[in-house]
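J.: The structure's right below; bear with me while I get my questions together.
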Amino acid sequence: MVNSTSLMRFVQPEVIARRTNSRGLQLDPTVLLRHAKRAPKLDVLRRLAGRSICEHTDVSREETIELCRLAALMEANDVAGHHPLDGKLVITAFFEASTRTRLSFESAVLRLDGKILSVPDGSVTGTAKGESLADVGEMFNSYADLVVVRHPETDALRELATGLDLPIINAGNGSGEHPTQALVDWFALLKWRPELADRNVAADRKIHLGIIGTPGNMRAVKSFLLRAVDFAPAIRKLTVVSEMADPFGNVLDDADRLGFEVEITNESAPVLPTLDVVYMNSIALLGDSYHLLGEQYQLHPGGGLRPDAVVMHPLARREELSTKLDETPQNLYFAQAAGATYLRQALLTAVLDRLERLPFLTAE
Amino acid sequence: MVNSTSLMRFVQPEVIARRTNSRGLQLDPTVLLRHAKRAPKLDVLRRLAGRSICEHTDVSREETIELCRLAALMEANDVAGHHPLDGKLVITAFFEASTRTRLSFESAVLRLDGKILSVPDGSVTGTAKGESLADVGEMFNSYADLVVVRHPETDALRELATGLDLPIINAGNGSGEHPTQALVDWFALLKWRPELADRNVAADRKIHLGIIGTPGNMRAVKSFLLRAVDFAPAIRKLTVVSEMADPFGNVLDDADRLGFEVEITNESAPVLPTLDVVYMNSIALLGDSYHLLGEQYQLHPGGGLRPDAVVMHPLARREELSTKLDETPQNLYFAQAAGATYLRQALLTAVLDRLERLPFLTAE
Amino acid sequence: MVNSTSLMRFVQPEVIARRTNSRGLQLDPTVLLRHAKRAPKLDVLRRLAGRSICEHTDVSREETIELCRLAALMEANDVAGHHPLDGKLVITAFFEASTRTRLSFESAVLRLDGKILSVPDGSVTGTAKGESLADVGEMFNSYADLVVVRHPETDALRELATGLDLPIINAGNGSGEHPTQALVDWFALLKWRPELADRNVAADRKIHLGIIGTPGNMRAVKSFLLRAVDFAPAIRKLTVVSEMADPFGNVLDDADRLGFEVEITNESAPVLPTLDVVYMNSIALLGDSYHLLGEQYQLHPGGGLRPDAVVMHPLARREELSTKLDETPQNLYFAQAAGATYLRQALLTAVLDRLERLPFLTAE
């Protein structure tokens, strides 16, 4: 086992310096490493080998935390020279175009020296001409080692998996989930306050979490919330600000057993000054069409946010998140985005069973 | 020359186990190797260096058989570590989008450590704005080492070749041909029954081949049929089931010299119980538009197929091929698809003159 | 410092032979090297490390000349084995599709063993859904090491740069510039007549340069002209043939200080027999729409061109440039296109600070 002191040998200050976001709060991955006081647990991470990551339940609390620690190491260290994914092929099958998410995964694969088969726009695939997703899955088996899928329909992953023997990573399925976005979100939060990973968080360090949006029909918000439940010991209260009467839909059916207080409101102004973390998103899926967050929920400086509060957003944003927040220390969203490729590097290395190629997991 | 015994040294059982199709008949590439009793003929394969593969006549019977044997070796052995296409660039220029075929070629190139310049959708190229294909060909010369082309127009390859000094591989041109699909098809058939490659096939081992579709306007069917002529000594009879009175069009003008009986019918029911192999496809090109196979030719379990018959399909499929056949041993189409990247790996290595990088061709 | 004699050690005749254009004038890169009588100046090229190349002023006359000499070396030598861009990631973000330019950059990156994140068609990116270019720039920071951008709007680069910490290479922005095309153009001219790089060009070796088109609204023409000013000592006269009364627009406000005579005319016939070099293009941007060059300016054999004159065109072409010129020695445009990837290889190696990986710059 690598201990905390020897782990710091792998931190390359020039790598960290190079890779920060241009504006907003800067997150230091070594804070997360120092708090852990040990290397990521190799035995926990090894369990992810060959596993599909489709829903939040596919990654446990413990696995989430170890993945974030591994991602912090990858953010602090240039691993390209170790070619962790050498010889591995990943298909990025985006049946719904998303340049941000596709390039994030592709960058992660290429930084690790894996290779990419890219389907940037599913509207030009055989499925557009009537081929079933089950047949597409069967086809993928002989082409690659892992498939990253984004699809506008919630049921698409299940159909694709019918014929697929490879692990799938869900990069967003309709009004379903976006589980790696949630891992990215919590990676940012754990770098911000590493004690959120502890079981015994002091009462005055627990956070009041605010969500502006509707978990029931916003998949990134839903995935963030489902992952938040894992960190209940660090949460004092959750407030959901939504124009919907029942913003949860089917999410969190047993909200009363969460271990923290839950509040629902349709006004953001009174709530904002009480929040430690504000999570928001722009797009909701209503039936078959997309719907933008209501105007009354726009966030901007002077809106009552506490100076030490942080704002998260999975991006892309529209009008709901003012660019005037970009230069403030409440802007956690750029650091959140900047960490995405490291979290995905960690996940891909684990699922593709190449952890032993990383020097910091096996060195003495 | 590597003999059959030493050849088996290169078979890696864990590689074969990993790479089979999920359902249907499983094909073992070593059967083909054992039947050959020798290594692929290097001198025959070397002839393919620098050659364009546009029509069926661009690959001879002997070259087809040796390519299939090389592909079987590549299916049984992980060659990535030998980097056969290191430093080679391949353009996949799909002026007609086809994710299945494009990814098949790209996977083959990447598995051999070559690099890809991808044109996934020709509707966004300069030709859409009025540039001639001859000028596109001239442009490609300095970009890459080989060009894989799919185009909706039959004459496109000839125009592209005007300015092109690189070898072209035709991945489907209008109502023309799809020669690598035919190689893929026969690779599956030779793994199924390796004696089909022999000149002296016992009368009771010759096959009755059925084609449901119209060779005259279905390019995959046409290419399969043109390649089948090379295997005439193994064919007892060919039956073409089509709603067209003259399903051959210009294909096989001298059908009476084929060396096997040819039958044309527009009813599939009476014929099915007599067939050893059924080849079908879904799409025909009629003038400028695509046309689906008629409903009366749908294939499904209980339709009269013999238990030991096999069904082939180049995929993608529509309604004509029931998914209920997927779980049956008559399903050869998934194994056929699974073999595609290996056949293309063999072809690319030969055309790009990198055979000497493969350990099994040069070892003693 | 490498001297001219030892430099010739790096010239691989078989590499040069392989890489010429199929038709038209053939350009020999060693002519440029022999004229220079020395290796490219490493200290000059090193200045380009980390620099964005958005406008013509981002590359000086001296840097242009040294880049062309480096490109000549790369054209004469197979550098792939030195992996100059190993571990580097380049985003090709084409918000306006252009297969020719995109593949040219991607080929350059891949030949040097860099990796590509490709956005072939910006109409499927987040910006199409309303994301700002500043946010796209912020996103790119953590994905790659350099961004190549084509955009239909002139102001796009400035907006993208707001959030971007990586160097940008402008691959064409609206009616703005296309600075690497101009480098490609002058790379061809310097291979054609290396003394154009000299300060003291004999009067009878100075060239009469003709431009058929409108620098004010044709970005490739504009960039070529702006770069031409650097080579004023080698230019006797410039004639612009245009249907516009003021073809320069805002370009060259101080045309009277250029150091060579400038003539404007709307008739090409009288001028053609006097020209040494004819530069033309097909497309002008007028407001928001594209406009083709007028019919009266079509160039074809027998149109009065001198036998030793050369025709340049950034391609793609339409009707304005007859294919009948392709087989003539006046066709410099195919050689111009063939050199594009080498010039871009040189530029990418310099901007990404990997010059020391090239054997010919550091060998003794």
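J.: Tell me, how many Å apart are the Cα centres for the stretch A:15-80 and for the stretch C:1-61?
T.: If we compute the Cα centre of each part, the gap is 44 Å.
J.: In a shell of Cβ-Cβ distance under 13 Å around residue C:226, excluding residue C:226 itself, what net charge do Lys and Arg (+1) and Asp and Glu (-1) give? The partial results should precede the final answer.
T.: On the way: positive: C:61, C:219, C:222, C:227; negative: C:55, C:58, C:177, C:185, C:230, C:253, C:254.
The answer is -3.
J.: Calculate the dipole size of chain A relative to its Cα centre from +1 charges on Lys and Arg beta carbons and -1 charges on Asp and Glu beta carbons; express the result in debye to the nearest 20.
T.: In debye, rounded to 20, chain A gives about 1240.
J.: Go through the stretch C:314-329 residue by residue and turn each phi into a ³J(HN,Hα) via Karplus (6.51, -1.76, 1.60, θ = phi - 60°); whole Hz please, and just put x for glycine and proline.
T.: x, 6, 5, 10, 10, 6, 5, 10, 5, 5, 5, 7, 4, 7, 8, x
J.: Now for a separate question. Among A:83, A:8, A:107, whose Cα lies farthest out toward the positive end of the dipole of the stretch A:1-118, if unit charges sit on the beta carbon of Lys, Arg (+1) and Asp, Glu (-1)?
T.: Value computed over the given set: A:8.
J.: Calculate the radius of gyration of the Cα atoms of the stretch A:180-337 to one decimal place, then report Dmax, the largest Cα-Cα distance, as a whole number, both in Å.
T.: Taking only Cα atoms of the stretch A:180-337, I get Rg and Dmax of 14.5, 44 Å.
J.: Hey, got the dipole for the protein assembly as shown? About the Cα centre, +1 on K and R Cβ, -1 on D and E Cβ, debye to the nearest 20?
T.: Dipole size: approximately 3080 debye.
J.: Name all residues of the stretch A:235-266 having a backbone nitrogen under 17 Å from the label point set 7 Å from the Cα of residue A:55 along its Cα→Cβ direction, giving them as ranges.
T.: A:249-255
J.: Long-range amide H contacts for residue C:50: which residues qualify at under 5 Å (H placed 1.01 Å from N, peptide plane, sequence gap of 5 or more or a different chain)?
T.: C:352, C:353
J.: I need the fraction of alpha carbon pairs in the stretch C:50-136 separated by more than 15 Å, rounded to a whole percent.
T.: Here the tail beyond 15 Å accounts for 71 percent of pairs.
J.: Give me, ordered by chain and number, the residues 5 or more places off residue C:235 or on other chains with an amide H under 5 Å from its own placed amide H.
T.: HN-HN under 5 Å from residue C:235: C:207.
J.: How much space per residue, in cubic angstrom, does the convex hull of the C-alpha atoms of chain C take up?
T.: Taking only Cα atoms, chain C has a hull volume of 130 Å³ per residue.
J.: Just to be sure I understand: with springs between alpha-carbon atoms less than 10 Å apart, which residue in B:147, B:184, B:119 has the highest mean-square fluctuation in the Gaussian network model of chain B?
T.: B:119
J.: Also, I was wondering about something else. Quick one: with label points 7 Å out along Cα→Cβ, list the inter-copy distances for residue C:86 in nm, shortest first?
T.: For residue C:86, the other copies' label points sit at 1.0, 1.0 nm, shortest first.
J.: Shifting gears a bit: Springs between alpha-carbon atoms under 10 Å, Gaussian network over chain C: tell me which of C:273, C:194, C:314 tops the mean-square fluctuations.
T.: Top of the fluctuation ranking is C:273.
J.: Loop only by DSSP, 10 or fewer other Cβ within 10 Å of the Cβ. Give me the trypsin sites (Lys or Arg not before Pro) in the stretch A:192-291 that pass, ordered by residue number. Spell out each step's value before the answer.
T.: Numbers: sites: A:199, A:205, A:206, A:219, A:222, A:227, A:236, A:237, A:257; in loops: A:199, A:206.
Passing sites in the stretch A:192-291 are A:199.
J.: Extension gain residue A:274-residue A:245, at 0.36 nm per residue separation less the Cα-Cα distance, in nm?
T.: Additional length available on full extension: 8.3 nm.
J.: How much FRET efficiency would the formula 1/(1 + (r/R0)^6) give for residue B:86 and residue C:328, where r is the Cβ-Cβ distance and R0 is 60 Å, rounded to 0.05?
T.: The calculated FRET efficiency here is 0.95.
J.: A follow-up question, please. As I understand it, the dipole of chain C uses +1 on the Cβ of Lys and Arg and -1 on the Cβ of Asp and Glu, about the Cα centre. Which of C:152, C:35, C:272 lies farthest toward its positive end?
T.: Toward the positive end, the furthest listed residue is C:35.
J.: Further, regarding this structure: I'm checking a number: the convex hull volume of the Cα atoms of the protein assembly as shown, normalised per residue, in Å³. What is it?
T.: 185
J.: Using 7 Å Cα-to-Cβ label points, what is the residue A:254/residue A:46 separation (nm, one decimal)?
T.: Calculated label separation equals 3.2 nm.
J.: Same structure again: In peptide A:138-150, what is the residue-averaged number of other protein chain Cβ atoms found within 10 Å of each Cβ?
T.: 5
J.: A further question follows. Can you work out the Karplus-derived ³J(HN,Hα) for every residue in the stretch A:59-72? Use 6.51 cos²θ - 1.76 cosθ + 1.60 with θ = phi - 60°, whole Hz, and x for glycine or proline.
T.: Residue by residue, the stretch A:59-72 yields 10, 7, 4, 5, 5, 4, 5, 5, 4, 5, 5, 5, 4, 4 Hz.
J.: Can you tell me the dipole magnitude for the stretch B:174-314 around its Cα centre, using point charges on the Cβ only (Lys, Arg +1; Asp, Glu -1), in Debye to the nearest 20? Walk me through the numbers before you get to the answer.
T.: Details: 12 positive and 18 negative charges, 94 e Å.
Taking the Cα centre of the stretch B:174-314 as origin, the dipole is about 460 debye.
J.: In terms of Cα to Cα distance under 16 Å, which aspartates and glutamates are near enough to residue A:324, apart from those fewer than 8 places away along the same chain?
T.: Once the sequence-local aspartates and glutamates are set aside, what remains near residue A:324 is C:131, C:135, C:138, C:159.
J.: Can you list the lysines whose alpha carbon is less than 23 Å from that of residue A:115, not counting same-chain residues fewer than 8 positions off?
T.: Here the lysines satisfying the reach criterion relative to residue A:115 are A:88, B:88, B:115, C:88, C:115.
J.: Output ³J(HN,Hα) for the stretch B:186-202: one whole-Hz value per residue in order, computed from phi by the Karplus curve 6.51 cos²θ - 1.76 cosθ + 1.60 with θ = phi - 60°, and x for Gly and Pro.
T.: Along the stretch B:186-202, the couplings run 6, 4, 5, 5, 6, 6, 5, 9, x, 6, 4, 7, 7, 7, 10, 9, 4 Hz.
J.: Okay, next question. Would you pull out the residues with amide H under 5 Å of residue B:150's amide H, same chain only if 5 or more places away, H placed 1.01 Å from N?
T.: It is B:93, B:94, B:95, B:96, B:171, by chain and number.
J.: Among B:18, A:100, rank each residue by its count of other Cβ atoms within 10 Å, from fewest to most, as a rough exposure measure.
T.: Working: B:18 12, A:100 19.
By the 10 Å Cβ count, ascending: B:18, A:100.
J.: Would you mind pulling out the separation of the Cα centroids of the stretch B:134-183 and the stretch C:236-265, in Å?
T.: Using only Cα atoms to place each centre, the spacing works out to 43 Å.
J.: Moving to a separate point now. Once the Cβ-Cβ distance between residue B:154 and residue C:202 is put in as r, and R0 is 41 Å, what FRET efficiency do you end up with, to the nearest 0.05?
T.: Numbers: r = 55 Å, r/R0 = 1.35.
The pair residue B:154/residue C:202 has a calculated efficiency of 0.15.
J.: Quick check for you: which residues of the stretch B:75-119 have the amide N under 14 Å from the point 7 Å beyond the Cα of residue C:12 toward its beta carbon?
T.: The answer is B:86-89, whose backbone nitrogens lie closer than 14 Å to the label point.
Bear in mind that the values in this text are calculations on the coordinates, not laboratory data. Treat the numbers as computed from the prediction; the structure is a model and nothing was measured. Note that we place each Cβ from the backbone using ideal geometry, even for glycine, and neighbour counts take in every protein chain shown.
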